[in-house]
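The structure appears below as structure tokens.
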Amino acid sequence: MTVQNRQIEVLRYDPERDETPRFETFTVPCKEEWVVLDALTYIKDELDPSLTFRWSCHMAVCGSCGMQVDNKPTLSCKAFVRDYGEKIRVEPLANFPIERDLVISQDDFMEKLQRGRPWIIPEQKREVEDGPYVQTPMQLDDIKEHTMCINCLLCYAACPVYALERDFVGPAALTLMYRYNADSRDAGWDERREVFAGHGGVWECSFVGACSDVCPKHVEPATAIQKGKMDSAVDYFTRFLMPGGGK
Amino acid sequence: MQVVETDVAVIGAGGAGLRAAIAVAETAPDLDVAVVSKVLPMRSHTVAAEGGAAGVIRGEDSLDAHFDDTVSGGDWLCDQDAVELFVEDAPKQLTRLEHWGCPWSRTPEGGVNTRPFGGMKIERTWFAADKSGFHILHTLFQTSLKYPSIKRFDEFFSAELLVDEGRVAGVVAIEVRTGEIWCFKAKSVIIASGGAGKVYPFTTNGAIKTGDGMAMAYRAGVPLKDMEFVQYHPTGLPGTGILLTEGCRGEGGYLTNKHGYRYLQDYGLGPPEPSPRKKAMELGPRDRLSQAFWHEMQKGNTIDTPYGEAINLDLRHLGEDKINERLPFVRDLATSYMRADPVHVPVPVRPVVHYMMGGIHTDIDARTSIEGLFAAGECAAVSINGANRLGSNSLTELLVFGDRAGKHAAQFAREAAPADNAARIDAQAEDCARKIENIYAREERKESTAELRRTMADAMEEGCGIYRDEGRIRSTCETLADLRHRLPGTALKDKSKVFNTDLLSILELENMLEVAESLAHSAYARSESRGSHQRLDHTGRDDDTFLKHSMAHYRGDQAPEIGYLDVVITKSPPGERLYGGAADAKAQKVEAAE
Ligand SMILES: Cc1cc2nc3c(=O)[nH]c(=O)nc-3n(C[C@H](O)[C@H](O)[C@H](O)COP(=O)(O)OP(=O)(O)OC[C@H]3O[C@@H](n4cnc5c(N)ncnc54)[C@H](O)[C@@H]3O)c2cc1C
Ligand code: FES
């Protein structure tokens, strides 16, 4: 078990005390298999209990611990220190207001998530007695990768559109809407249309693909959004160009 | 102090809390529900569950079979009326979840697929690849968004229950973002705050699992039941404690010792067969498997790793395709955190603290002994888990009893007569606010919170581990008493009101110490071996004295008082727990006799 000292340079900001954010550097004896989150908990336990960050699962599934590590949106519980240099810079996720130190405000995302109506809107109410829906493995495959989002917000931190356009619903929330639209059990397209394809929706995306690059769960938001654009074009065509609105 | 008036307050937004909130919203849309959670709902630890949720669905399966597996798996400490109700409601709850969009893995025909799980005689574990808990939690959370009566208070840390004359009146919480104290006045309260694995040093549990809700109920006078029963999961990654799901063995994985030998055949679980046989070998129950590890370690058959002794989980014979389809997360976790790709090499694993069978004492309607106070999920002990929970029963339990808690809490909120105690309740809330101010005011930092927490966790592993004896449990009890005494010596280095996690760690440590103390004292008093509670100094099961639930009662600064409550037996008298070939032989004998 080798231990190596590393300089962890962390952004600090306490709105009660600091006018602007500042950096503070800690020397941390990192074990070889540590992740950046381990270095932060070391600082909190041994050096400075006031260092503030979110975490829980330590297994890359709860989505709490997203941060900029060396300027890249990363889950700190899956960022192995051995993959970085002697000095590691840790900052809160880009594109979000900072609450304190590494903690960002998630309000905007939570509001957008809700607006997308991310729940099954069935054609017809189904009772327990009717049993589960039939959904073939192929139908499941249509949505599977897009169901994997852990809401870690790395994609928002990487998205150049969200950086400039606050109204953009953004990669994770749009992907979730796509996932429900494409679910064989769902018939909610009409209810989601305005948020999905209207102002702030899929058409704002300039298809840079940064979201898919940083996604730790291979959710492929960029693909979902592109597929969503196609669905929205077809929807437009059937509603306005087909005789009788496609009905 | 901010005041919120609501009908039902739910503490916790994991699987149990969300299911309860939805049940209130569905059955009583006119009632307000406030969901108070210290983290965003999708960060709750239900998210980490991998394997799946049990419910009878296959034609060849039966509710009786699920009942029998659960009751014998729990070494007859389960309340059988609760288990009957549980197995009956399980498939319905899982079906609801399917209607809400849970992406369950499918059979080629489009039905819901099931996988075998430890201690279960038939495949009845519904799964969504190896991210079942993640999908269940997100499905519940997303579904909960559609009910306007559910109001969420995310990142609000519940500190204390408000209780007056045996009846609950609400809960006091800290808004983490501002440090402000909020008083939630509610007609009924549901605790769904999850487990307490963090009282141990090496656990699959996330940072948030500090037993807060258990401690709050305990302090308010509700007994904690069967706390000595702690489940060690046999396959955690050494070092981090990250879980590799039992699904690995359900899919056919082997456990081998340093000689490459499938050692479980030496512990009454054989004979070994090449592919998985239910309730045998690697698909034995977790308590037996973790105990077998301990014996292998004594014999020197385990593998020495930098993080302690381990054995191997060998999945190679399953092949890359099956591993990618059924266990993709496991492959990712083992490869990243252990640098062992299970497609190519066996993965070192060891038993790790995983689940609390014990918890807040409730009846089968999730009621506690305080009027209007309910509890469900891992924080509660109904008890369907008895002395050893079967894997995949817990996720289902969240749904079955979360739903019941919601319905009964709604009914209580609707029918309860108004209480005339506003002044006393306000005073209690003020007391709680003052307690927090006093922590801020402590000047001298004589003790380090982190150091006390480490000492507690090490003492728990030492005295209340897989095997226990009187002397070591006693010394753990002494350490815990000492730590409780030293706790007021902690102080805040961080005096900010904004997102003060230094403060929360002190409050969480206080909760953990109380929960740990109830656990250690219950373990001390139970001088028998049953399920996950194994005493080296009392090796047999003693039904005459201990076919009973332990009930730990809070007594302030003093050690808890341990009482007992009879187990409810409806149709399965205590018998011998048999697995593998021994179970087959017995079944044949019975058949021959008939
Ligand atoms: C790694 C792992 C894998 C598992 N796999 C399986 C499996 O395959 N099958 C199975 O059946 N079971 C499994 N389990 C067990 C099962 O997942 C848990 O028992 C269950 O999810 C607990 O759910 P819960 O709703 O009771 O609590 P949690 O999901 O832990 O939620 C607790 C909630 O309470 C809140 N809370 C806690 N304290 C406070 C406070 N002071 N103030 C405000 N809010 C608070 C939290 O914010 C959170 O929202 C697994 C467990 C682990 C750890
Ligand atoms: S701590 Fe849960 S994702 Fe990192």
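If we keep just the residues of region B:118-149 that are within 14 Å of ligand 1 (Cβ to nearest atom) and among the β-branched types (Val, Ile, Thr), which is surrounded by the fewest Cβ atoms within 10 Å (Cβ to Cβ)?
Ranking the qualifying residues of region B:118-149, first place goes to B:Thr139.
Given the conditions (1) within 14 Å of chain A (Cβ to nearest Cβ); (2) away from ligand 1 (no atom under 15 Å from the Cβ); (3) in a helix (DSSP H, G or I); (4) more than 13 Å from B:Asp403 (Cβ to Cβ), which single one is not true for B:Ala25?
It is condition (4) that B:Ala25 fails.
For region A:20-37, does any single residue satisfy the condition of being closer than 26 Å to A:Cys155 by Cβ, away from ligand 2 (no atom under 15 Å from the Cβ) and away from chain B (no Cβ under 11 Å)?
yes
For region B:127-146, give me the residue count where each residue is within 18 Å of the chain's Cα centre (by Cα) and farther than 13 Å from A:Lys217 by Cβ.
Summing the residues that are within 18 Å of the chain's Cα centre (by Cα) and farther than 13 Å from A:Lys217 by Cβ in region B:127-146 gives 4.
Can you tell me which residue among B:Thr245, B:Thr203, B:Thr305, B:Thr240 is away from ligand 1 (no atom under 12 Å from the Cβ), within 14 Å of chain A (Cβ to nearest Cβ) and of a type in the set (Ser, Thr, Tyr)?
Unique residue meeting the criteria: B:Thr305.
Go through B:Lys146, B:Lys209 for me and flag whichever is among the charged types (D, E, K, R), in contact with a Ser or Thr (Cβ under 9 Å, 6 or more places away or on another chain) and assigned to a loop (DSSP other than H, G, I, E, B).
B:Lys209
So which residues in region A:119-161 are part of a loop (DSSP other than H, G, I, E, B), surrounded by 18 or more Cβ atoms within 10 Å (Cβ to Cβ) and more than 16 Å from ligand 2 (Cβ to nearest atom)?
Matches in region A:119-161: A:Trp119, A:Ile120, A:Ile121, A:Pro132, A:Tyr133, A:Gln135, A:Cys159.
Which numbered condition trips up A:Gly63, out of (1) within 9 Å of chain B (Cβ to nearest Cβ); (2) within 16 Å of ligand 1 (Cβ to nearest atom); (3) over 30 Å from A:Ala187 (Cβ atoms)?
(3)
Of all residues in region B:182-209 being under 19 Å from B:Ser518 (Cβ atoms) and hydroxyl-bearing (Ser, Thr, Tyr), which is surrounded by the most Cβ atoms within 10 Å (Cβ to Cβ)?
B:Ser193
Of (1) more than 12 Å from chain A (Cβ to nearest Cβ); (2) touching a residue at least 40 places away in the same chain (Cβ under 8 Å); (3) buried (at least 23 other Cβ atoms within 10 Å of the Cβ), B:Val56 satisfies all except one. Which?
Single failed check for B:Val56: (3).
Of all the strands (runs of 3 or more DSSP E) wholly in region B:303-400, which have at least 2 residues that are under 17 Å from B:Tyr254 (Cα atoms)?
Of the strands (runs of 3 or more DSSP E) lying wholly inside region B:303-400, those with at least 2 residues that are under 17 Å from B:Tyr254 (Cα atoms) span B:308-314, B:347-356.
Can you tell me which residue within region B:434-476, out of those that are in contact with a helix residue (DSSP H, G or I) (Cβ under 9 Å, 6 or more places away or on another chain), of a type in the set (A, V, I, L, M) and under 15 Å from B:Ala491 (Cβ atoms), is farthest from the other protein chains (Cβ to nearest Cβ)?
Per the stated criteria, the residue is B:Ile436.
Within region B:361-375, does at least one residue satisfy the condition of being surrounded by fewer than 19 Cβ atoms within 10 Å (Cβ to Cβ), away from chain A (no Cβ under 14 Å), within 30 Å of B:Leu85 (Cβ to Cβ) and in contact with a His (Cβ under 6 Å, 6 or more places away or on another chain)?
yes
For the condition more than 9 Å from chain A (Cβ to nearest Cβ), in a loop (DSSP other than H, G, I, E, B) and either over 26 Å from B:Met357 (Cα atoms) or in contact with a Lys or Arg (Cβ under 9 Å, 6 or more places away or on another chain) (or both), what is the one hit in B:Glu84, B:Glu109, B:Glu123?
B:Glu123
We did not get these values from a lab; they are worked out from the coordinates using the rules stated. Just so it is clear, the model here is predicted, and its values are computed rather than measured. In this analysis, Cβ positions are derived from the backbone assuming ideal geometry, glycine residues included, and neighbour counts consider all displayed protein chains.
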